[in-house]
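First up is the structure itself, then whatever we jot down about it.
The values are calculated or read from the model by the stated rules, or taken from the named source; none is laboratory data. No experiment lies behind these values; they were computed from the predicted model shown. Don't worry about glycine lacking a Cβ; one is built from the backbone with ideal geometry, like all the others, and counts go over all protein chains shown. Just the protein is used for accessible areas: all its heavy atoms, side chains included, with ligands, DNA and RNA removed. Shrake-Rupley method; radii C 1.70, N 1.55, O 1.52, S 1.80 Å.
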Amino acid sequence: MKLGIDAMGGDFAPVAVVNGAIKARQELPEEVELVLIGDSAQIREICKEHHFDAGRFTIVHTTEVIEMGENPAKAFAQKKDSSIFRGFALLRQGDLDAFASAGNTGAMLAGAMLVSKVIPGIIRPVISAHVPTPEGKPIVLLDVGLNPDARPDVLYQYGILGSVYARAVLEIENPKVGLLNIGSEEEKGNMVTKETYKLMKDTTQFQFVGNVEGHDFFNSEKQNVIVCDAFVGNILLKEAEAFYGLVKKLGIHHPFFEEFNFENTGGTPVLGINHPVVIGHGISNAEAIKNMIINTYHVVNSQLVEKIKEAFQ
């Protein structure tokens with residue numbers, strides 16, 4: 001297995017990325033090859049500072065970086081020797097089994113759409129997040145960033161994608177899918193959620209449990225997947241990050257609250273494209289990068305992309 005890592009992506013790259021890769025190298029099986037894509041001189045110097053043999057990585061040298069503030073599509077098209085562009089090129093050629101980056105999210109999504117491309121039958125790809133629960137099994141929340149104005153047929157497909165993800169990666173045998181709404185009754189909601197409910201209620205492609213409300217958010221006994229558009233999902237995700245910050249500020253210590261720390265997940269895959277692509281948080285430190293890489297390993301190992309393709313055949 002070859003995992004490509006954008007060594008130049010993120011606010012604290014390349015130091016945080018290389019340090020995170022060193023940590024991941026020590027936890028992953030030796031047969032997993034970590035391919036660091038970026039400025040080889042900087043990568044080797046950071047390894048040297050940490051007394052780590054850079055030969056344990058495969059290093060692909062690049063001369064350009066897509067900065068966090070750049071126009072994503074324009075930079076991706078123009079900077080063909082950037083770490084992000086080269087990562088997607090290697091992925092398309094079959095030289096990588098997956099590509100992960102905490103760099104410019106827009107450029108990563110441009111690569112996902114233009115290079116990896118959407119799996120036939122899928123209207124729009126999606127990104128998800130894990131919602132922690134007291135029971136220990138996270139809930140899959142999607143969408144959290146791609147499609148703020150999703151149509152009912154797109155939301156219906158999110159139910160399929162979330163269900164496949166929960167089975168493949170979280171190992172939940174028959175995931176329960178809920179539609180986030182302002183009430184549990186079928187007639188509740190706006191025009192989009194009402195039409196989505198009609199599409200979902202008689203489906204045989206996943207186990208639909210109906211509308212779920214905000215107070216069901218952490219209840220994995222009621223649902224394992226929560227479907228919503230990215231406008232709502234992104235607000236929820238950032239509110240969860242703010243909640244974690246508040247808990248830390250108040251000096252409250254409990255293992256459950258640590259599950260809200262994005263560092264522990266590291267990154268999330270883009271669901272619905274032809275290759276495993278994982279996007280990390282721009283402010284990722286070494287611990288978050290390590291977990292992003294390990295999560296990428298699990299996504300590949302679970303054969304998630306192949307299982308999504310099967311679901312849409």
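General observations
- The modelled label-to-label distance for the pair Asp53/Met1, using points 7 Å beyond Cα in the direction of Cβ, is 2.2 nm.
- From phi via Karplus (6.51, -1.76, 1.60), per-residue ³J(HN,Hα) for region 264-279 in Hz, x at Gly/Pro: 6, 9, x, x, 9, x, 7, 8, x, 10, 7, 9, x, 10, 10, 10
- Cβ-based net charge around Val277, under 13 Å, with every Lys or Arg adding one and every Asp or Glu removing one: 0
- Taking a sphere under 10 Å around the Cβ of Asp143 and counting the other residues whose Cβ falls inside, with K and R at +1 and D and E at -1, yields a net charge of 0.
- Antiparallel bridges, percent of DSSP beta bridges restricted to the chain (to nearest 5): 25
- For region 1-44 versus region 138-211, the spacing of their alpha-carbon centroids is 35 Å.
- Cleavage-rule hits, trypsin sites (Lys or Arg not before Pro), region 166-271, DSSP coil, Cβ neighbours within 10 Å at most 12: Lys201
- Per-bin percent of Cα-Cα distances, the chain [10 Å]: 6, 28, 34, 23, 8, 1, 0
- Gyration tensor verdict on region 101-197 (Cα atoms; rounded if a/c is under 1.5, prolate if a/b is larger than b/c, oblate otherwise): oblate
- Evaluating 6.51 cos²θ - 1.76 cosθ + 1.60 at θ = phi - 60° for every residue in region 122-128, the Karplus couplings come out as 8, 6, 9, x, 8, 10, 10 Hz, glycine and proline recorded as x.
- The amide H of Ser220, built 1.01 Å from its N in the peptide plane, has Glu135 as neighbours under 5 Å, considering only residues 5 or more places off or on other chains.
- Put simply, the amide H of Val118, placed in the peptide plane, has no neighbours under 5 Å, leaving out anything fewer than 5 places away on its chain.
- For the set Ile182, Ile289, solvent exposure ranked by accessible area (probe 1.4 Å, protein chains only) runs largest to smallest as Ile182, Ile289.
- Only helices enter the 222 nm calculation for the chain: every DSSP H run of n ≥ 4 contributes -39,500 (n - 2.57), and dividing by all residues gives -12000 deg cm²/dmol, rounded to 500.
- Shape descriptor for region 188-302: Rg over Rh equals 1.00 (Cα atoms; Rh from the Kirkwood inverse mean 1/r).
- Karplus-derived HN-Hα couplings along region 64-70 (A = 6.51, B = -1.76, C = 1.60, θ = phi - 60°), whole Hz, x at Gly and Pro: 10, 9, 7, 6, 5, x, 6
- Region 174-313 - percent of accessible surface contributed by carbon and sulfur, probe 1.4 Å: 54
- Average projected area [Cα convex hull, region 1-107], square nanometres: 6.2
- Rolling a 1.4 angstrom probe over region 111-157 with all protein chains present gives an accessible area of which 59% lies on carbon and sulfur atoms.
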